[in-house]
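Q: Below: one structure in structure tokens.
The values are calculated or read from the model by the stated rules, or taken from the named source; none is laboratory data. Because the structure is predicted, anything quoted here is derived from the model rather than measured. Backbone-built Cβ (ideal geometry, glycine too); neighbour counts: all protein chains shown.
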Amino acid sequence: MTYCVGLLLNEGMVLLSDTRTNAGLDNIATYRKMFTFEVPGERVITIVTAGSLSVTQTTIAELREAIEDADATADTSILLAPTMLKVAEIIGNTLSRVRSSIDEKLAVMRQGASASMIVAGQRKDGVMRLFLVYPEGNFIEATEDTPFLQIGEHKYGKPILDRVIRPETSLADGQKAVLLSMDSTLRSNLSVGMPLDLAVIPRNALRVTQQRRIEAGDKDFQAMSEAWSAALRDSFQKVAL
């Protein structure tokens, strides 16, 4: 399994994903689940993925092929699409088609495959948008009322986001929140694991300005985790029955 989260803030967008892929208790591997497509100064699109690796890898590969196709159009390439809504539609259609194809191959074994994606981006003269794309290809969008989206093992990391994240939250605090959200998930679910990939896209920058891989044993991440645990224990002791 996995855990990925995206924030849509007034100052920009923050995305975080883990890299663990499980195929049984004795078959654990690391695969990147964050992918960025950029035309500097024109648009930026970052995708994080959860679910069947065969579905997500094939979907990303097909999106790249469509970009590189000499006959690419605004209906086929996410780097030519006129709006972020069209980008989400292209990604949704590709994901749905790939999932259906793989499902057909797995049907003989009475198995299935599923995947979902968070799509964040902005094009020149457009607004920042954040979408959650479902396996069937349909999608929902982050709003001021719900300025974050999650996929994968999201339940452990949701409480802090519910309490902290608002559109006016700063990018710095947004990074802190997604990292602590991931820390809660890592502590409670073995199917989510290091290293982590973090990306920050400031509003109107039209590029990823901060991209960081956080390895197991990262001192800054460990210090944040320990400080958060200490703060929770201290607050717990102060709460009266």
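Q: Which of the residues that make up segment 124-178 are of a type in the set (A, V, I, L, M, F, W, C), within 19 Å of Lys33 (Cβ to Cβ) and part of a strand (DSSP E or B)?
A: Those that are of a type in the set (A, V, I, L, M, F, W, C), within 19 Å of Lys33 (Cβ to Cβ) and part of a strand (DSSP E or B): Leu130, Phe131, Leu132, Val133, Phe139, Phe148, Leu149, Ile151.
Q: Which of (1) of a type in the set (S, T, N, Q); (2) at pLDDT 95 or above; (3) more than 14 Å from the chain's Cα centre (by Cα) does Ser52 not meet, given it meets every other one?
A: Checking Ser52 against (1) of a type in the set (S, T, N, Q); (2) at pLDDT 95 or above; (3) more than 14 Å from the chain's Cα centre (by Cα), the one that fails is (2).
Q: Would segment 89-109 turn up any residue that is closer than 16 Å to Glu62 by Cβ, modelled with pLDDT under 95 and of a type in the set (Gly, Ala, Ser)?
A: So far as segment 89-109 goes, yes, one or more of its residues are closer than 16 Å to Glu62 by Cβ, modelled with pLDDT under 95 and of a type in the set (Gly, Ala, Ser).
Q: Restricting to segment 47-76, name every residue that is in a loop (DSSP other than H, G, I, E, B) and closer than 20 Å to Lys33 by Cα.
A: Within segment 47-76, just Ser52 meets the criteria.
Q: Residue under question is Val44, and the condition is that it be more than 17 Å from Thr2 (Cα to Cα), within 16 Å of the chain's Cα centre (by Cα) and not in a loop (DSSP other than H, G, I, E, B); does it hold?
A: Spelling it out, Val44 is indeed more than 17 Å from Thr2 (Cα to Cα), within 16 Å of the chain's Cα centre (by Cα) and not in a loop (DSSP other than H, G, I, E, B).
Q: When the residues of segment 223-238 are narrowed to those that are of a type outside the set (Gly, Ala, Ser) and surrounded by 13 or more Cβ atoms within 10 Å (Cβ to Cβ), which ends up nearest to Asp197 (Cα to Cα)?
A: Met224
Q: Something else now. Applying the selection to segment 12-34, what residues are surrounded by fewer than 18 Cβ atoms within 10 Å (Cβ to Cβ) and either over 20 Å from Ser188 (Cα atoms) or at pLDDT 95 or above (or both)?
A: Tyr31, Arg32, listed by residue number.
Q: Still on this model: Which pairs have Cβ atoms under 6 Å, sit 6 or more apart or on different chains, and link a residue in segment 228-241 that is within 16 Å of Arg187 (Cα to Cα) to one that is in a helix (DSSP H, G or I)?
A: Between residues of segment 228-241 that are within 16 Å of Arg187 (Cα to Cα) and residues that are in a helix (DSSP H, G or I), the close pairs are Trp228/Leu180.
Q: Moving on to the next point. Can you tell which of Ser235, Ser181, Ser225, Ser229 is within 14 Å of the chain's Cα centre (by Cα) and not in a loop (DSSP other than H, G, I, E, B)?
A: Just a single option satisfies the conditions, and that option is Ser181.
Q: For Ser188, all conditions in the list (1) modelled with pLDDT under 95; (2) surrounded by 13 or more Cβ atoms within 10 Å (Cβ to Cβ); (3) hydroxyl-bearing (Ser, Thr, Tyr) hold save one; what is the number of the exception?
A: It is condition (2) that Ser188 fails.
Q: Output yes when any residue across segment 85-108 is touching a helix residue (DSSP H, G or I) at 6+ places or on another chain (Cβ under 7 Å), farther than 23 Å from Val5 by Cα and either among the small types (Gly, Ala, Ser) or part of a loop (DSSP other than H, G, I, E, B) (or both), and no when none is.
A: For segment 85-108, residues touching a helix residue (DSSP H, G or I) at 6+ places or on another chain (Cβ under 7 Å), farther than 23 Å from Val5 by Cα and either among the small types (Gly, Ala, Ser) or part of a loop (DSSP other than H, G, I, E, B) (or both): absent.
Q: Among the residues that make up segment 199-220, is at least one of them among the hydrophobic types (A, V, I, L, M, F, W, C), out of contact with any Pro (no Cβ under 9 Å at 6 or more places or on another chain) and either free of Cβ contacts under 8 Å to residues at least 24 places away in the same chain or part of a helix (DSSP H, G or I) (or both)?
A: no
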